[in-house]
Structure formats: structure tokens, C-alpha cells
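The structure appears right after this line, and notes come after that.
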Amino acid sequence: MQFGDINLQLVSGGTYQEDGGRLFGLVPRVLWEKVARPDEQNRLRLAARCLLIETAQQCILVGTGPGNTRYDGQPDSVNSEKQRGLLSNLERLGVGPHDVDLVINTHLHGHHCGGNTWPDRNGAWVPTFPQATYCVQRLELADARFPNERTRHSYRSETLWPIEERGQLHVLNGDTRIGEQVRVMVALGHTRAHQCVVVESGERKALFLGDAAYWPIHIERTSWVPAYDVEPLGSIETKRNLARWAVEHRALLIFEHHPEVEAGYLQVTERSDRFQLKPVSLST
């Protein structure tokens, strides 16, 4: 999509399957299965989209997908595709690993930053994008380094320490402008320092949601909170604020995980606590 003078491109980092209960938390299945039909093992298919932002100054990649991360001890409900898909898909767009100037990690869970690094021919983990600066929130970095019993399976050290060793890690502290047309804003809920990415071109605005809202239904009904969110009440408030901001600014919302809906514009409904998304495609 040509977004003003910025080119936005969704790039697939693969797909994976996830237990439906995890995606909808306390919402009873009898309600959520009306919008998401699970398989016989109660699994739903999720996309792992990354966003390529090409401005006049920078080539920016938001998220790096599952990559080659391992999930030892995880149940079969998490069934990631291990592949080189992201690099192949970037190559089709004429973008090689050395062309990426900046990588923005919304957070450091493996399905979002597994492609930060990859094993070289000797089996050593190295940054996938050798010329890029990787941007991470300070508090997110702390949570990845010192996880608790609930979060320890979500973080993988090999996605981070090779970047730190080579001096490619840039630590952010709160809402930060990355360039003239790109900024990040902290969206508490999924993690304590999850960050969304805002793209601005003239009066036009786009928002890459990451895990602030997995699927459109999670922001249409802000009280629907995934079991993964470590701050569920904060998640509700964050989504409510993001929804109001998106409506006010007529912002394009970009979804990372829904298997079919890539993006859309949010509209208000008769109920103050609910919104409705009008989907659009970024692929055409």
C-alpha cells in the first residue's frame, strides 16, 4: 500500500496454531466460537505478519516472526512453522538482510522476535539483519532477562544476546519518535511495555497493533482479553484508548495475527464499549 509518501508492505513470517482458550481468556467458548471456529483440538490458525515500512530515509521492519526459535516443553497447541519464510518473502520484495536499517520489536515474545537472529553455518546465533539497529523498550528488556514462572517460556535468550553482543540493540524508554514519520507508543497490557508502531504521512496515520489486539474482535469488544495478557485490566484500558484514538484520527489499524483480516478502519457503534471494524487489504 502506498501510504502518502511511505510504502507499507505486510510480509509473512509464517503461520501457527494456538489454543482458542488462550486467545480469548475468560470469554466462554460458546461466545468466541461464533467468530472463530476451532479445530478438533480446540486450535485456531494465526498469522505472523511483519510490517515493512519504506520511507525516503529508512527501511524499517516491525517484528521478525517466529523464525527458528525453539519452544521446549510447549504443548502441541503451539505449532509453529520453522522456516526461512520471512527472508524469502522480503527477497521477493527486493529487500535483503543488509538492506534493513531498523528493526522494531513490539515485544520480545518468541513468535514476534524469533527472526531477530539465526544460526550461521557454524551453528552460532547471529543477527539476521547485520546492518540494522534493533529497538526494544527498557522494561520489556528487563522482563525478558528476568522472567517469572508465568512468562519464562515466552522469552528465548538467543533472540537477544547476539544483538547485544554486537552493539546493535537500542533501548527505548517510553513513547519515542523513531524518525520523521514513525514513532512507537507503549501499550500496557499484553506485557508491561509492549509497544505499538505509528506511521504518519501528512494527515494519514496507521497503527501496527502487534499483540495489543490480536484480532479485530479484541478491539471491537475491548473487554475480550487473551489469557496471555499479563495486565488484563491495563489491556482493556489500553484498547479503549487506542480505539478512540483510531476513530478520532481515522487511523488505519494493522493486525498481525488474524488469518484473513489484515487491516481496517474502526467505527463507533451505538454502544459506548463496542466498536466495528471495516476491513481493508494491504495486499492489493
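Among bridges DSSP assigns within the chain, what percent are antiparallel (round to 5)?
75
Calculated from DSSP H runs of 4 or more alone, at -39500 (n - 2.57) each and per residue, what is the 222 nm mean residue ellipticity of the chain, nearest 500?
Helix-only estimate at 222 nm: -5000 deg cm²/dmol.
Net charge within 14 Å of Leu52 by Cβ-Cβ distance, Lys/Arg positive one each and Asp/Glu negative one each, not counting Leu52 itself?
-4
Which percent, to the nearest 5, of DSSP beta bridges fully inside the range 134-219 are antiparallel?
75
Given the options Gly179, Thr106, Asn7, identify the residue whose Cα lies farthest towards the positive end of the charge dipole of the chain (+1 on Cβ of Lys, Arg; -1 on Cβ of Asp, Glu).
Result: Thr106.
Where nothing but the Cβ of Lys and Arg (+1) and of Asp and Glu (-1) is charged, how large is the charge dipole of the chain around its Cα centre, in debye to the nearest 20?
In total the dipole reaches around 360 debye.
Tell me the Rg and the Dmax, in Å, that the Cα atoms of the range 234-284 produce.
According to the Cα coordinates of the range 234-284, Rg and Dmax are 11.4, 35 Å.
Excluding residues on the same chain fewer than 8 positions from Lys34, give the aspartates and glutamates whose Cα lies under 19 Å from its Cα.
Reachable aspartates and glutamates: Glu18, Asp19, Glu220, Glu260.
Tell me the relative contact order for the chain as a rounded percent, counting alpha carbon contacts under 8 Å between residues six or more apart.
Relative contact order for the chain comes out at 17 percent.
Could you list the trypsin sites (Lys or Arg not before Pro) in the range 139-214 that lie in coil according to DSSP, counting only those with at most 13 other Cβ atoms within 10 Å of their Cβ?
Here the trypsin sites (Lys or Arg not before Pro) that fit, given the DSSP loop and packing criteria, are Arg150, Arg152, Arg166.
If you take the C-alpha gyration tensor of the range 112-245, multiply each eigenvalue by 5 and take the square root, what semi-axes do you get, largest first, in whole Å?
27, 20, 12
List the residues, sorted by chain then number, that are 5 or more residues from Arg43 or on another chain and whose placed amide H is less than 5 Å from its amide H.
Gly20
Give a residue-ordered list of calculated ³J(HN,Hα) values for the range 254-267 (Karplus: 6.51 cos²θ - 1.76 cosθ + 1.60, θ = phi - 60°; whole Hz; x for Gly, Pro).
Taking θ as phi minus 60°, the curve returns 10, 9, 7, 10, 5, x, 10, 7, 8, 7, x, 10, 8, 10 Hz for the range 254-267.
For the range 244-284, which trypsin sites (Lys or Arg not before Pro) are in a loop by DSSP, counting at most 14 other Cβ atoms within 10 Å?
Arg250, Arg271
How high is the relative contact order of the range 192-259, in percent, with contacts defined as C-alpha pairs under 8 Å that are six or more residues apart?
Relative contact order comes out at 41 percent.
Put +1 on the Cβ of each Lys and Arg and -1 on the Cβ of each Asp and Glu in the chain; which of Thr117, Val198, Val62 then has its Cα farthest toward the positive end of the dipole?
Val198
Does the range 175-272 come out rounded, prolate or oblate, given a ≥ b ≥ c as the square roots of the eigenvalues of its C-alpha gyration tensor, rounded meaning a/c under 1.5 and, failing that, prolate meaning a/b above b/c?
oblate
Per residue, what volume in Å³ does the convex hull of the Cα atoms of the range 131-195 enclose?
In the range 131-195, the Cα hull volume divided by residue count equals 90 Å³.
Skip the ligands, DNA and RNA, and give the accessible area per residue of the chain with a 1.4 Å probe, whole Å².
45
The values are calculated or read from the model by the stated rules, or taken from the named source; none is laboratory data. None of the values given here were measured: they were computed from a predicted structure. When we count neighbours, we look across all protein chains shown, and the Cβ atoms used for this are built from the backbone with ideal geometry, even at glycine. Accessible surface areas use protein heavy atoms only, side chains included; no ligands, DNA or RNA. Shrake-Rupley method; radii C 1.70, N 1.55, O 1.52, S 1.80 Å.
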